[in-house]
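Student: Handing you a structure now.
The values are calculated or read from the model by the stated rules, or taken from the named source; none is laboratory data. No experiment lies behind these values; they were computed from the predicted model shown. No Cβ is skipped: glycine too gets one built from the backbone with ideal geometry, and neighbour counts run over all protein chains shown.
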Amino acid sequence: MIVLVGSEKGGVGKSMIAAHAAVRLAMTEKPTILVDADPQGTSWAWAQSRKHHQPDVVQVDSQQMTGDIRSDIKALAHLYGHIVIDCGGADSVALRSGMVVANRLVIPSKVARRDIETLKHVAGLVVAANEKRESDGQSPILARVVFNMTRALPNFWARIDSAKEVVESMGLGVSKYPIVDRVSYDDSQYQGGTVFDSNIDPKAYEEMQRVLKALLRKTQPE
Amino acid sequence: MANFDPNDSDDFVRGAEKRAKSNDSKPSDNQVMLNVRVPKRLRDRLKLTAVQHDRTNASIVEEALEEWLKNEKKHNKKSRVNAFNDDGL
């Protein structure tokens, strides 16, 4: 499976989600690579740190790419069972070319007006990418938005539901489950870790597992 | 106790030969040649490494073989899969 994590907005947790998706997919015992198409190189640095500091946990290979990544991703697809691509927070050649080859597009977003507004443009890109894919005889990319850094407060659920309605009206799918803002997601990233590597925060473990299933399965689990 | 008759000069000499022959303990592994055709340079490097690191030739070769097999297995695993399948979790 080729998973693209991208959006137009920065600082929404793309690299964190990409790292968790890569580790969770690697746990299926298929060789997995995390491709960092973000010039910041945070995902690549995370994977290097993981290899160096935690050689005994599930490993994820990593590579940096820029520009049109289609041919390189197709070449990697013959070597790896799963590819997770982390694109930077901007409409870029890497994001658009990734949308042509990936099976899934994960779009992290905060539940905030400015973030949601940028999704209009992403929805347009998805439509254009799917037209291109259809003309090439490919199945459409399955794009889903996941609300990240949400608050675990009862009255916040109403905001999430409203945001979900708005995003769905743009023609994008939305993950049934949001990601709550937990310090363990940030803490776990230390030395290339994820919440899947230890059970220090079982809530975060369960939550991320649930979210990734909702994002990567063809039909979202109940 | 001496294992020869001190009054028999013949036995005394042959006794030494006999004793030398009876010492059939095998020389240590890193002093024997590998029982296969190995390029001289590799053989010499292996022997030198074994002596320098207080290891046996066999243990070094075994470890290298295990490592190679592990990588080969990983490589084969890679060649059996591809990411074009739309299967995730």
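Student: What is the number of the single condition among (1) buried (at least 17 other Cβ atoms within 10 Å of the Cβ); (2) touching a Pro at 6+ places or on another chain (Cβ under 8 Å); (3) more than 18 Å from A:Val100 (Cα to Cα) that A:Gly88 does not meet?
Tutor: Result: A:Gly88 passes all but (3).
Student: Can you tell me how many residues within segment A:112-132 are buried (at least 18 other Cβ atoms within 10 Å of the Cβ) and among the charged types (D, E, K, R)?
Tutor: 1
Student: Taking the conditions exactly as written (surrounded by fewer than 17 Cβ atoms within 10 Å (Cβ to Cβ) and of a type in the set (Val, Ile, Thr)), does A:Thr32 satisfy them or not?
Tutor: No; evaluated as a whole, the condition is false for this residue.
Student: Residues A:Ser109, A:Ser97, A:Ser135: which one is surrounded by fewer than 19 Cβ atoms within 10 Å (Cβ to Cβ) and either more than 14 Å from chain B (Cβ to nearest Cβ) or not acidic (Asp, Glu) (or both)?
Tutor: Going through A:Ser109, A:Ser97, A:Ser135 in turn, just one is surrounded by fewer than 19 Cβ atoms within 10 Å (Cβ to Cβ) and either more than 14 Å from chain B (Cβ to nearest Cβ) or not acidic (Asp, Glu) (or both): A:Ser135.
Student: Still on this structure, please answer the following. I'm trying to understand the selection: among the residues of segment A:49-90, which are within 11 Å of chain B (Cβ to nearest Cβ) and free of Cβ contacts under 8 Å to residues at least 40 places away in the same chain?
Tutor: Correct list: A:Gln59, A:Asp61, A:Lys74, A:Ala75, A:His78.
Student: Additional query: Cβ contacts < 7 Å: first residue in a helix (DSSP H, G or I), restricted to segment A:98-124; second residue basic (Lys, Arg), any location; separation 6+ or different chain. Result?
Tutor: As it stands, the answer is A:Val100/A:Arg70; A:Val100/A:Lys132; A:Val100/A:Arg133; A:Val101/A:Arg70; A:Val101/A:Lys74; A:Asp115/A:Lys9; A:Thr118/A:Lys9, since those pairs meet every condition given.
Student: Tell me which residues, restricted to segment A:2-13, are in contact with a Lys or Arg (Cβ under 7 Å, 6 or more places away or on another chain) and either away from chain B (no Cβ under 14 Å) or modelled with pLDDT under 95 (or both).
Tutor: Within segment A:2-13, A:Gly6, A:Ser7, A:Val12 meet the criteria.
Student: Of all residues being among the hydrophobic types (A, V, I, L, M, F, W, C) and closer than 15 Å to A:Arg104 by Cβ in segment A:14-48, which is nearest to the other protein chains (Cβ to nearest Cβ)? Just the residue, please.
Tutor: Per the criteria, the residue is A:Leu25.
Student: Something else about it: Which of the residues spanning segment A:192-222 are within 20 Å of A:Ala152 (Cα to Cα), within 14 Å of chain B (Cβ to nearest Cβ) and either touching a residue at least 40 places away in the same chain (Cβ under 8 Å) or of a type in the set (A, V, I, L, M) (or both)?
Tutor: Across segment A:192-222, the qualifying residues are A:Met208, A:Gln209, A:Val211, A:Leu212, A:Ala214.
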